[in-house]
Structures are given as structure tokens and as C-alpha cells.
Amino acid sequence: MSGVFVVVEGSEGAGKTTLVAALADRFRADGTDPVLVREPGGTPAGEAIRALLLDPAHALDPLTELFLFLAARRELVHQVIRPALAGGRLVLADRFQLSTEAYQCGGRGVERELFRVANRAATGGLEPDLTLVLDLPPELGFQRMATSGKGLDRIEREDPAFHGRVAETFREARGPGVVHLDATRPPERVLHLAWAEVAARVPGAPGQVPH
């Protein structure tokens with residue numbers, strides 16, 4: 001595979017979707033058309049699973065929740081991400097496997113080795129080239145969401161202790177290609193720092209982004 005796979009991760013209100021959109025706009029301005037995906041979702045089956053997972057009307061067992069996320073991921077990887085990478089495309093993802101580890105393992109207490117084996121089966125061993133983790137205290141994230149007037153989905157409605165465990169798992173994430181960014185900074189500054197990381201991994205990308 002000759003493409004580049006970039007993932008943006010973080011807890012609620014950290015600015016993932018905003019950053020992915022800003023990175024995509026910057027690449028389009030330079031003549032590169034990235035493939036944008038989100039998790040769960042990105043395929044017909046994945047979007048149907050997303051609706052089920054996020055609907056507050058459903059109470060799901062932690063393992064049921066895990067396998068639904070992985071089923072959506074399998075469809076996304078098989079139908080969209082791997083073909084795009086094989087074609088030399090840049091893929092920008094709003095969440096990927098680190099989110100599952102944070103929410104289902106850190107938050108729900110699912111055993112990590114089970115997650116890793118099942119996730120490997122779902123992805124076929126696909127790993128991001130770069131994972132940008134937006135670190136933000138949960139309380140600040142929920143303040144941002146309240147200010148925006150956004151309604152809360154099933155997972156966002158979990159208690160503060162759950163979201164604290166999720167945020168801690170994100171903060172502790174380490175590994176090849178994992179880069180942490182301080183999401184308490186202004187979005188323009190976060191974009192500037194993120195672009196420097198992405199541009200270093202995408203052949204031909206300009207080295208600077210406007211402030």
C-alpha cells in the first residue's frame with residue numbers, strides 16, 4: 001500500500017471533527033483530495049451500526065458494544081480504507097482503534113487482549129501511519145459541547161467517572177506514530193501543530209499551514 005493513513009483521536013469535545021475538516025481543506029487547497037472517514041460509519045452497514053450504537057434508547061452489554069464497533073470497522077477497512085491506500089490516497093479518519101481501546105477497554109473494562117485479538121481480525125492488522133491524539137480534560141470537552149447546544153448521544157451520556165477513564169486512556173497512549181496535541185489550545189494552533197506532523201509523512205505536502 002502506497003497511501004498514507006492519518007487518524008485523529010480524543011475524547012468528547014476535543015475537536016477531532018473540526019481538525020479533520022481543517023486538514024482536509026488544507027490538502028484540497030494544495031491539490032490533494034483526501035478520503036475522509038469517520039467511526040463508526042463510512043459505509044451503509046457502518047452508518048446503520050452507528051445509529052444503533054449512539055441511540056440512547058439502547059442499553060448494550062460491553063462486549064456487544066465492542067463487537068458492533070468492530071463490525072463497522074471491518075466494513076470500513078475492507079470497503080473504503082484499504083482500497084484508498086492501495087490507490088495511493090491520503091485517508092483522514094475521525095477515530096479508529098485507539099477510540100475502541102479508550103472507550104470499551106478504559107471506559108467499560110473490556111479485557112485488552114480480547115480487544116487486540118478481535119481488532120486485529122477486524123482490520124487485518126492495518127495500523128495508522130500517524131495517530132494525532134487531542135488531549136482535553138473531559139469537563140472542558142462537555143463545556144464546549146454545552147456551549148454548542150449539541151445533544152448528547154448514548155455514550156456521551158455516561159457518567160463523569162467513565163469519561164475520566166476514557167480520557168486517561170487517551171493520555172497514556174504511546175506507540176509508533178502516536179503524537180499528542182494539547183487540545184486546550186486555540187483550534188488554529190492545534191491545526192498548525194497537526195499539519196506539521198501530517199506534512200512530515202505525506203510526500204509533497206507543504207511544510208507550513210497559515211496561522
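Where a number appears in this text, it was derived from the coordinates with a stated rule and is not lab data. Not measured: the values here are computed from a predicted model. Reconstructed Cβ throughout: ideal geometry from the backbone, glycine too, with neighbour counts over all protein chains shown.
Of the set (1) surrounded by 14 or more Cβ atoms within 10 Å (Cβ to Cβ); (2) touching a helix residue (DSSP H, G or I) at 6+ places or on another chain (Cβ under 8 Å), all apply to Phe27 but (2). Taken over the stretch 121-180, the criterion of being in contact with an Asp or Glu (Cβ under 7 Å, 6 or more places away or on another chain) and among the charged types (D, E, K, R) is satisfied by Asp135, Arg154, Glu156, Arg171.
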